[in-house]
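Asker: The structure that follows is given in the form of structure tokens.
The values are calculated or read from the model by the stated rules, or taken from the named source; none is laboratory data. Here the structure is a predicted model, which is why all the values come from computation and not from measurement. When we count neighbours, we look across all protein chains shown, and the Cβ atoms used for this are built from the backbone with ideal geometry, even at glycine. The accessibility values were calculated without ligands, DNA or RNA, using every heavy atom of the protein model including side chains. Shrake-Rupley method; radii C 1.70, N 1.55, O 1.52, S 1.80 Å.
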Amino acid sequence: MEAAKHGQRTLLVEHGDEVGRKILISGGGRCNFTNLDAGPQNFLSQNPHFCRSALARYRPADFIALVEAHDIPYHEKTLGQLFCDGSARQIVQMLVTEAAAAGVRIEVGCAVESVEKADRFRVHTSRGAFEATALVVATGGLSIPKLGATGMGYRIATHFAVPLIATRPGLVPLLYSAADRPRFAGLSGLSTPAIVRCRGARFSESLLLTHVGLSGPAVLQASSYYQPGDIVDIDLGAGRDVYADLKERRQAGSKALVVSALAAFLPRRLAQVFADLGADGRPLAEQPDSALRAVADAVTGWRLTPEGTAGYEKAEVTCGGVDTAALSSKTMEVAAVPGLHFIGEVVDVTGWLGGYNFQWAWASAFACGQAIGAAGASREAAC
Ligand SMILES: Cc1cc2nc3c(=O)[nH]c(=O)nc-3n(C[C@H](O)[C@H](O)[C@H](O)COP(=O)(O)OP(=O)(O)OC[C@H]3O[C@@H](n4cnc5c(N)ncnc54)[C@H](O)[C@@H]3O)c2cc1C
């Protein structure tokens, strides 16, 4: 769209039967299309500074202005996350309308099979070959193959000797270890606020137990930092001093059970699992200090060693990808291959949960489109 606005003859090639399928399912069908606070601090990358330039030149306010110009009602759900009041389809429709107005030609049901370059790029597709002086690879990552993810972007990178950072699923549920599974699998559906830590990252949001592992925003966020074998630290007290609280109740002579004290902030069935780890069935007033300490430590210091992640089938994003060291942060162009650009999720820039990944997609696309536009009115762009 941005390239076309600058007079470039632009073709968008999509192998699915419609464009923007990930937008359609995003945010539970309401598309969390940006985050008011999006900044470099919300992204993972080998080079945390790479995203700075593009994010500064296309801000959440720019996308919001577009949404407002199309009269799409939206609201802030939490933590700066903006969602459509209605349907994510409104965002896709908005982008298609804008692209059409700029003169973009869209070919759906057209799969890119390979790419080569002589003077110009030659893109071989299921509908024949297209030639262009600029090629923008916006193929996304490996997440949710049933929605069209193919890994084609990485193959194109490899073809042009563009280095890749190893990929892994991000924003993905973590699986219980064999030891934890029998204890927690039956608690599927329970949710509670928690602080989840992994590799120095810390997220205070809600946690959801499923029949195979842990999910919910706090865990999904931490999962993007998780590497196989890591321990994930979980504080189900969400910052409260559970030991001090239990001790206080005991000193007050509480006749309540430990599980009841925990159930003040945990779902009762989850509270029971943790109460059983240290305390017996006697009232709080009769519990020894060691029992209260054991229960409190278990609640606030749950050390999960996941068996792994739920994989690309369940991952919202793919971490890693095209090494930013090969790209210009201003134009997204490969330094060694003039005219070749990578944008969006295929690049080694991964946002937190909360609208950051779309903001990166919009911002990197804008930077790239502007650069292609500036490169000359006679150039033809194939995205
Ligand atoms: C369930 C889910 C919910 C999400 N919710 C949010 C959210 O609310 N907010 C947010 O910010 N992010 C969200 N994300 C992440 C966000 O959707 C992605 O980061 C974003 O879509 C990446 O944009 P992209 O253009 O780089 O890639 P994609 O949106 O993945 O688009 C790539 C396109 O390339 C096409 N393609 C691939 N291979 C070929 C080929 N060989 N030939 C032709 N076409 C090809 C694919 O069909 C696809 O349409 C969500 C992701 C998922 C899976």
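Asker: Against the condition touching a Pro at 6+ places or on another chain (Cβ under 8 Å) and open to solvent by less than 40 Å² (accessible area, probe 1.4 Å), how does Cys319 come out, does it pass?
Answerer: Working: touching a Pro at 6+ places or on another chain (Cβ under 8 Å): yes; open to solvent by less than 40 Å² (accessible area, probe 1.4 Å): yes.
Yes.
Asker: Turning to a different aspect of this structure: Only one of these is at negative phi, touching a Ser or Thr at 6+ places or on another chain (Cβ under 7 Å), within 14 Å of the ligand (Cβ to nearest atom) and of a type in the set (Val, Ile, Thr): Thr125, Thr139. Name it.
Answerer: Being at negative phi, touching a Ser or Thr at 6+ places or on another chain (Cβ under 7 Å), within 14 Å of the ligand (Cβ to nearest atom) and of a type in the set (Val, Ile, Thr) holds for just one of Thr125, Thr139, which is Thr139.
Asker: Need the failing condition index for Glu345 against (1) charged (D, E, K, R); (2) surrounded by 23 or more Cβ atoms within 10 Å (Cβ to Cβ); (3) farther than 30 Å from Arg120 by Cβ, just the number.
Answerer: Unmet condition: (3).
Asker: For region 1-89, which strands (runs of 3 or more DSSP E) that fit wholly inside it have 1 or more residues that are buried (at least 20 other Cβ atoms within 10 Å of the Cβ) and β-branched (Val, Ile, Thr)? Quick ask: steps written out before the conclusion?
Answerer: Working: elements: 9-14, 32-35, 74-76, 81-84.
Result: 9-14, 32-35.
Asker: May I ask you to list pairs of residues, at least six apart or on different chains, whose Cβ atoms are under 9 Å apart, with the first in region 7-19 being closer than 15 Å to Val112 by Cβ and acidic (Asp, Glu) and the second being open to solvent by less than 50 Å² (accessible area, probe 1.4 Å) and modelled with pLDDT under 95?
Answerer: Between residues of region 7-19 that are closer than 15 Å to Val112 by Cβ and acidic (Asp, Glu) and residues that are open to solvent by less than 50 Å² (accessible area, probe 1.4 Å) and modelled with pLDDT under 95, the close pairs are Glu14/Gly148.
Asker: If you don't mind, another one. List pairs: first in region 171-190 and in contact (Cβ under 8 Å) with a residue 12 or more places away in the chain, second among the aliphatic types (A, V, I, L, M) and in a loop (DSSP other than H, G, I, E, B), Cβ under 7 Å, 6+ apart or cross-chain?
Answerer: Pairs that qualify, where the first residue is in contact (Cβ under 8 Å) with a residue 12 or more places away in the chain and the partner is among the aliphatic types (A, V, I, L, M) and in a loop (DSSP other than H, G, I, E, B), are Leu171/Ala315; Leu171/Leu353; Val172/Ala310; Val172/Ala315; Pro173/Ala310; Leu175/Val212; Leu175/Ala310; Tyr176/Val212.
Asker: A follow-up question, please. Say whether the condition of being of a type in the set (Ser, Thr, Tyr), open to solvent by 50 Å² or more (accessible area, probe 1.4 Å) and within 11 Å of the ligand (Cβ to nearest atom) is met by at least one residue in region 93-100.
Answerer: The initial filter retains those residues of region 93-100 that are of a type in the set (Ser, Thr, Tyr), namely 97.
Right, trim to open to solvent by 50 Å² or more (accessible area, probe 1.4 Å) and you get 97.
Next, only the ones that are within 11 Å of the ligand (Cβ to nearest atom) stay: none.
Checking region 93-100: not a single residue is of a type in the set (Ser, Thr, Tyr), open to solvent by 50 Å² or more (accessible area, probe 1.4 Å) and within 11 Å of the ligand (Cβ to nearest atom).
Yes/no per residue for (1) crowded, with 22+ Cβ neighbours inside 10 Å; (2) under 17 Å from Gly351 (Cα atoms); (3) modelled with pLDDT of 95 or more:
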{"site": "Gly189", "(1), (2), (3)": "no, no, yes"}
{"site": "Ala201", "(1), (2), (3)": "no, yes, yes"}
{"site": "Leu207", "(1), (2), (3)": "yes, no, yes"}
{"site": "Gly213", "(1), (2), (3)": "yes, no, yes"}
{"site": "Ala218", "(1), (2), (3)": "yes, yes, yes"}
{"site": "Ala222", "(1), (2), (3)": "yes, yes, yes"}
{"site": "Asp230", "(1), (2), (3)": "no, no, yes"}
{"site": "Asp233", "(1), (2), (3)": "no, no, yes"}
{"site": "Ala238", "(1), (2), (3)": "no, no, yes"}
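Asker: Can you tell me which residues in region 152-170 are within 12 Å of the ligand (Cβ to nearest atom) and either free of Cβ contacts under 8 Å to residues at least 12 places away in the same chain or open to solvent by 60 Å² or more (accessible area, probe 1.4 Å) (or both)?
Answerer: Across region 152-170, the qualifying residue is only Arg155.
Asker: Filter region 323-376 down to the residues that are among the β-branched types (Val, Ile, Thr) and either free of Cβ contacts under 8 Å to residues at least 24 places away in the same chain or assigned to a loop (DSSP other than H, G, I, E, B) (or both) and list them by number.
Answerer: Of region 323-376, the ones among the β-branched types (Val, Ile, Thr) are 324, 331, 334, 337, 343, 346-347, 349-350, 372.
Passing the criteria: Thr331, Val337, Ile343, Val349.
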